[in-house]
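Let me begin by presenting the structure, written as structure tokens, before commenting on it.
The values are calculated or read from the model by the stated rules, or taken from the named source; none is laboratory data. Since the structure is predicted, the reported quantities are computational estimates derived from the model, not experimental observations. Glycine also receives a Cβ, built like all others from the backbone with ideal geometry; neighbour counts cover every protein chain displayed.
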Amino acid sequence: MHMLDRGNNHAEETFRPLADRMRPETLDEFVGQPHLMGKDSLLRRAVEEDRLFSIIFWGPPGSGKTTLARLIAGETQSHFETFSAVLSGVKEIKAVVAEAKTQRAGRRKKTILFVDEIHRFNKAQQDAFLPHVESGLITLIGATTENPSFEIIAPLLSRTRVMVLKPYSGEELLLILRRSLEDGTRGLGSLNLTIDDDALSHIVWTADGDARTALNSLEAVATLIREENMQERTITLAVVEEALQRKALQYDKAGEEHYNLISAFHKSLRGSDPDAALYWLGRMLEGGEDPLYIARRMMRFASEDVGNADPAALSIAVAAMQAFHFIGLPEGELALAQAAVYLATAPKSNALYTGFGRVKEAIRKTGTLPVPLHIRNAPTKLMKDLGYSKGYRYAHDYPGAIVPQDNLPDQLLGRNFYSPTDRGYEKTIKERLEKWYRMRRKDQE
């Protein structure tokens with residue numbers, strides 16, 4: 001059955017992507033984010049009681065940020081405006097503010113302004129909106145995949161609540177996909193499709209918590225069936241693989257094989273086995289694993305298992321990630337392979353990893369110890385009078401720019417958190433530190 005055989009009244013609707021057609025129309029229809037939209041949650045109560053506040057939704061792609069903003073505007077019967085942080089400027093901001101004043105004065109309506117990719121807001125835009133958010137004329141709802149604390153000015157950030165959205169769980173994506181297969185009005189119900197469990201699980205797995213990606217994948221499968229005029233209306237794993245051009249790993253619903261493979265890869269690197277590392281890397285790439293996930297794991301490995309035994313390891317791992325970003329598939333796979341071999345054959349040390357672990361444990365036990373006065377900055381006379389910077393020894397005034405001076409809080413004096421090994425460049429670091437420790441002990445005698 002053709003996807004457009006539902007009558008002319010639905011013809012225009014079917015040209016919209018499935019992910020857009022299946023956007024929930026009520027809060028009760030919305031799936032996921034129970035910590036934000038559960039029955040007794042702060043946001044749900046604020047919407048139901050019409051006491052909405054300005055919000056920044058921070059979460060990964062496809063987690064429902066835009067959908068939630070539109071639903072909230074509908075539920076509160078507010079005037080809904082959208083604003084492009086990239087394409088619009090102060091002139092457009094003035095127009096939004098003028099319309100908000102008209103809505104409030106003439107129609108008694110509040111204005112919700114939705115800014116997607118709010119991390120792209122420049123400072124002039126943020127400053128222009130600030131007084132109107134502060135006065136309550138505009139209720140701002142921003143959506144971002146980036147940490148807003150790095151991109152939003154403090155005054156505006158302090159007048160909003162940052163709410164973190166999580167990737168969809170596998171169970172939630174299954175519910176969304178099944179609903180789309182059954183819905184005959186907005187979804188694919190008129191195609192009378194059935195789907196095997198392993199095929200559905202593969203769509204969920206490749207989506208990696210992104211509802212939009214999951215629905216786009218399902219639509220790609222349905223399009224393949226339609227265009228090839230398949231008589232069989234059951235979606236199998238083979239059909240999904242063909243539609244997505246990604247070979248499925250043999251994994252269970254809990255994703256155990258996914259974790260088995262990355263564990264095998266990590267342990268092969270740690271075990272200095274480049275052949276095994278290349279094999280498990282290839283298995284993951286052939287199985288459709290996100291290459292950037294592998295790159296992130298190698299960057300972590302470079303610090304955790306190689307550390308300062310070979311300081312170049314982290315640079316190599318980061319360069320591989322950047323090269324893959326630039327080249328993409330399939331050529332970028334070779335950069336990942338080069339980094340994997342380098343990491344596998346590099347000298348190993350977990351001294352940095354264990355040392356930083358000791359630091360965190362010390363902080364948990366001792367709390368926020370004050371900074372010793374002699375290494376505090378003293379930009380004012382009052383600070384100097386209080387003893388700030390008194391007794392500080394400027395390293396460059398000493399031979400070799402080395403000064404035997406304590407820099408830890410008094411309660412931690414003498415603690416050695418970082419203990420380098422005798423492997424690779426760490427041997428040089430160890431010899432250097434031992435020389436400095438001797439100088440410090442001699443100075444204290």
### Task
Could you tell me whether the stretch 138-160 includes any residue that is within 19 Å of LYS91 (Cα to Cα), hydrophobic (A, V, I, L, M, F, W, C) and touching a residue at least 40 places away in the same chain (Cβ under 8 Å)?
yes
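Here is a yes/no grid of residues against (1) under 16 Å from ARG441 (Cα atoms); (2) in contact (Cβ under 8 Å) with a residue 24 or more places away in the chain:
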site	(1), (2)
ASN377	no, no
THR380	no, no
LEU386	no, no
ALA401	no, no
PRO404	yes, yes
PHE417	no, yes
Checklist entry - Taking the stated definitions as given, is GLU81 in a strand (DSSP E or B), more than 24 Å from the chain's Cα centre (by Cα), not assigned by TED's automatic domain parsing to the domain that holds ARG212 and not aromatic (Phe, Trp, Tyr)? => result yes
SER158 passes all but one of the listed conditions (1) crowded, with 17+ Cβ neighbours inside 10 Å; (2) outside the structural domain of HIS202 (by TED's automatic domain parsing); the exception is number (1)
In this structure, is LYS109 part of a helix (DSSP H, G or I), in the same structural domain as LEU157 (by TED's automatic domain parsing) and of a type outside the set (S, T, N, Q)? no
Filtering helices (runs of 4 or more DSSP H) wholly in the stretch 272-372 for at least 3 residues that are within 30 Å of GLY387 (Cα to Cα) and not assigned by TED's automatic domain parsing to the domain that holds ILE262 gives 351-366
>> Residues that are out of contact with any Gly (no Cβ under 9 Å at 6 or more places or on another chain) and without any contact (Cβ under 8 Å) to a residue 12 or more places away in the chain: does the stretch 109-130 have at least one?
In response: no
Restricted to the stretch 159-199 and to residues being within 30 Å of GLU134 (Cα to Cα) and among the β-branched types (Val, Ile, Thr), the residue farthest from the chain's Cα centre (by Cα) is THR160
Part of a helix (DSSP H, G or I), closer than 23 Å to PRO60 by Cβ and modelled with pLDDT of 85 or more: is that true of LEU140 in this structure?
no
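A quick yes/no check of all residues on (1) of a type outside the set (S, T, N, Q); (2) in contact with a helix residue (DSSP H, G or I) (Cβ under 7 Å, 6 or more places away or on another chain); (3) surrounded by fewer than 14 Cβ atoms within 10 Å (Cβ to Cβ); (4) under 30 Å from ALA264 (Cβ atoms):
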position	(1), (2), (3), (4)
ALA340	yes, yes, no, yes
ALA346	yes, yes, no, yes
GLY367	yes, no, yes, no
TYR392	yes, yes, no, no
ASP406	yes, no, no, no
LEU412	yes, yes, no, no
